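What follows is a short report on a single structure.
Nothing in this text is a laboratory measurement; each read-out follows from the coordinates by a stated rule. The structure presented is a predicted model; accordingly, all values stated were derived computationally and were not measured. As a convention, Cβ positions derive from the backbone with ideal geometry for all residues, glycine included, and neighbour counts pool all protein chains shown.
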Amino acid sequence: MTSKNEFQNLFDTPKSKANSPESNMPESQFSKNDKRQVPFRMNVTAIKQLEYMAIDMDTTRQALLIEAVNDFFKKYKKPPIA
């Protein structure tokens, strides 16, 4: 069984990133470890439309959804950090 301290350590951030590969990245970029999946349901027709738009714009669905989330943040005067 996992102790409470072990569970809490999952959410602790390292004190220093000096030796990590992320230390060479610009602050605006995040590693895969800094991200989590957010699954949600969407209308099948909307998914197809999103896929077609991604093809037309030569980008990914993920990039389009991140753009949408950042626009949502801006609408409510929050920093676009998605």
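At-a-glance table
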| item | result |
| --- | --- |
| Peptides 52-59, 63-70 ordered by average Cβ neighbours within 10 Å, highest first | 63-70, 52-59 |
| For I55, net neighbour charge (Lys/Arg +1, Asp/Glu -1) across residues whose Cβ lies under 14 Å away | -1 |
| Gain upon complete extension [R36, M53; 0.36 nm per residue less C-alpha separation] | 3.7 nm |
| Relative pair counts by distance (%), Cα atoms of region 43-82, 5 Å bins | 6, 26, 22, 20, 16, 10, 1 |
